[in-house]
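J.: Below is the structure I would like to discuss, written out as structure tokens.
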Amino acid sequence: MKGNAADSFGVTRRGLEITTHAEAERVDREFWWSRTAIERLRHLETLRELNYGPEVINQRLQRILTVLKRPRR
């Protein structure tokens, strides 16, 4: 990802609209349903980078394996 993840968001500060939580959720849901799966995944990756930082998300996942010995039935 090039540049800062926060720079990729366009913020419009033209007005303030007061609404209910239910209405805000409905508008958000409609917005994301109107996007393609690829756009939603790209935004998810952007949110991960903003939350954890680029150095953490570029690391590989650790594999943890535990073998349990159980008595036979």
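Values quoted throughout were computed directly from the atomic coordinates according to the rules given, and no laboratory measurement underlies them. Since we're looking at a predicted model, the values are computed, not measured. Using ideal geometry, Cβ is built from the backbone for each residue, glycine included, and neighbour counts are taken over all protein chains shown.
J.: Find which of 47, 66, 24 sits farthest along the positive direction of the dipole of region 17-73, computed with +1 on the beta-carbon of Lys and Arg, -1 on that of Asp and Glu, about the Cα centre.
T.: In region 17-73, that residue is 66.
J.: I need 41, 65 ordered by Cβ neighbour count within 10 Å, fewest first.
T.: 65, 41
J.: Using the number of other C-beta atoms within 10 angstrom as an exposure proxy, rank 29, 72, 48 with the fewest first.
T.: Ranking 29, 72, 48 by Cβ neighbours within 10 Å, fewest first, gives 72, 29, 48.
J.: I've got another one for you. With just the Cα atoms of region 17-73, tell me how far they stretch along each of the three principal axes, in Å, largest first.
T.: 62, 37, 23
J.: Now for a different question. Per residue of region 42-53, what does 6.51 cos²θ - 1.76 cosθ + 1.60 with θ = phi - 60° give for ³J(HN,Hα)? Whole Hz please, x for Gly and Pro, Karplus curve as stated.
T.: Along region 42-53, the couplings run 4, 5, 4, 5, 5, 5, 4, 5, 5, 6, 9, x Hz.
J.: Right, another one. What list of ³J(HN,Hα) values in whole Hz, one per residue of region 18-32 in order, does the Karplus curve 6.51 cos²θ - 1.76 cosθ + 1.60 (θ = phi - 60°) give from phi, with Gly and Pro shown as x?
T.: 9, 8, 7, 5, 4, 5, 5, 5, 5, 5, 4, 4, 4, 4, 6
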